[in-house]
Protein chains: 2
Amino acid sequence: MLTKEELEKHWTQASEIYLNHVSIDCVVFGFHEGQMKVLMLKSNNEKAWYLPGGFVRNEEPIDDAANRILKERTGIDKIFLRQFHVFGDPDRTKFHKETYKDMLPKEHNFFAQRFISIGYYALVDFMNVTPTPDAFSEICTWRDLNDLPEFQLDHEHIFRTALDTLRLQLNYQPIGYNLMPREFTMPELQKLYETILDKKLDRRNFQRRILGFGILNKLEQTRKGGAHKAPYLYSFNLQNYQAALREGLQGGW
Amino acid sequence: MLTKEELEKHWTQASEIYLNHVSIDCVVFGFHEGQMKVLMLKSNNEKAWYLPGGFVRNEEPIDDAANRILKERTGIDKIFLRQFHVFGDPDRTKFHKETYKDMLPKEHNFFAQRFISIGYYALVDFMNVTPTPDAFSEICTWRDLNDLPEFQLDHEHIFRTALDTLRLQLNYQPIGYNLMPREFTMPELQKLYETILDKKLDRRNFQRRILGFGILNKLEQTRKGGAHKAPYLYSFNLQNYQAALREGLQGGW
């Protein structure tokens, strides 16, 4: 845990290093075998939960900043973060303005200003990454979507907007290439969709629709070992999957 | 045209009124009867063409700022502007940094700093709006997409990204409610798509696909007065249109 002096030093230096008024917050969703989680930090000082966020260096491209921030704050590197929305309500950081306003002289009080935050999101397999807290955080961990803590600032709104974006994306873009094993059954893929949407889907409708998009190859082999009739295995047809990422699941006009 | 003194006064005051480092640029597409245009300004001072843009007031929500900026700079009001991307390359405003760096003392030189720009876009009927230049502009006008001037800064990149966003949107969202007359023929609707995509579409495929989305009502009447067989008229089915805006043209899962 940082001392008051260390924190003061940090925020005084921050105004030299970072752009005023611009922040980045990252919503990293984790999926594995029917479980859906989101990456969160518990702050040292306030004992409140945040999405991992930070600031943009004076000469740094914003996409680089998003990746650096996620790495510094959670130890997680090399994942594809995508911009999804800018959060620009003037009162969104009111809590910080009030909490930290007397900590430093106004001209150096980087933390107590208005921030417009650029939201980035990603969806990863949470078994492939190990979150590590930074010096400002007591805990950095995956929180189950069915058991979320209270969020600080407008971070619940940022999280919900990212989740809505991800769910809408299921309607027009393929998903799952980095989340499914190379070969998978139809029920396994259906489980991914059901988990993100948080609802049950009809088995036949799901199969008909997902096959209609042409993004799957049906393999010769079946999955061995179960008590029931062995289910067919599928893999993604990468060429069609990539085209659908660019043009949408129905193809272009 | 503003004098050097007036410009200096403006940029000195700007640092009191606006947030540092954050700007907004608007890409307003105009469509009418097979023509596609984009709203642009020609600057007084540099004789260069820009998208209409501006800055965020200290306590102003960013969506309000986008609408105020568009109104101040072009006279255009009450159109639905939608965020589409943030442009955060540190060199994107290099030209302004270099051109204006000696105009004012560094601490008041609002215009010569790095700006991260939030892009907003809209698609309107250009016959319904009359652009009016502000004090910084010599011309404010609709420029045909087939006859574009050279853009200043990264405004061509912002424009192209907005156009890509609009074209991609055609693959998964309905479009045209604010652009078509209340009753229209299938060739008229096809022309809208062809104009945005800048390519010819097959008549039968277009009709089959667009009808498949369930967003159109076929009317009893036909269009009278032509030399050929009178074509059927259609109108949008607003309930299905709104649902498709929320869930995508194929519906949700």
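The values are calculated or read from the model by the stated rules, or taken from the named source; none is laboratory data. Small disclaimer: the values here were computed from a predicted structure and weren't measured. Positions of Cβ are backbone-derived with ideal geometry, glycine not excepted, and every protein chain shown enters the neighbour counts.
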*Does residue A:252 fit the bill of being outside the structural domain of residue A:38 (by TED's automatic domain parsing) and without any contact (Cβ under 8 Å) to a residue 24 or more places away in the chain?*
yes
*Qualifying position, being among the acidic types (Asp, Glu) and touching a strand residue (DSSP E or B) at 6+ places or on another chain (Cβ under 8 Å), among B:59, B:72, B:46, B:33*: B:72
*Among the candidates A:145, A:233, A:189, A:201, residue that is outside the structural domain of residue A:70 (by TED's automatic domain parsing), surrounded by 13 or more Cβ atoms within 10 Å (Cβ to Cβ) and under 21 Å from the mean Cα position of the chain (by Cα)*: A:189
*Just wondering, is there one or more residues in region B:114-123 that are of a type outside the set (D, E, K, R), more than 14 Å from chain A (Cβ to nearest Cβ), in contact with a strand residue (DSSP E or B) (Cβ under 8 Å, 6 or more places away or on another chain) and surrounded by 14 or more Cβ atoms within 10 Å (Cβ to Cβ)?*
yes
*Could you give every pair whose Cβ atoms fall below 7 Å, whose first residue belongs to region B:64-83 and is closer than 14 Å to residue B:25 by Cβ and in contact (Cβ under 8 Å) with a residue 60 or more places away in the chain, and whose second residue is hydroxyl-bearing (Ser, Thr, Tyr) and part of a loop (DSSP other than H, G, I, E, B), counting only separations of at least 6 or pairs across chains?*
B:74/B:132
*Those residues that are more than 17 Å from residue A:179 (Cα to Cα) and either in contact with a Phe, Trp or Tyr (Cβ under 6 Å, 6 or more places away or on another chain) or of a type in the set (S, T, N, Q) (or both), I need them from region A:121-150; list them, please.*
A:132, A:137, A:141, A:146, A:149
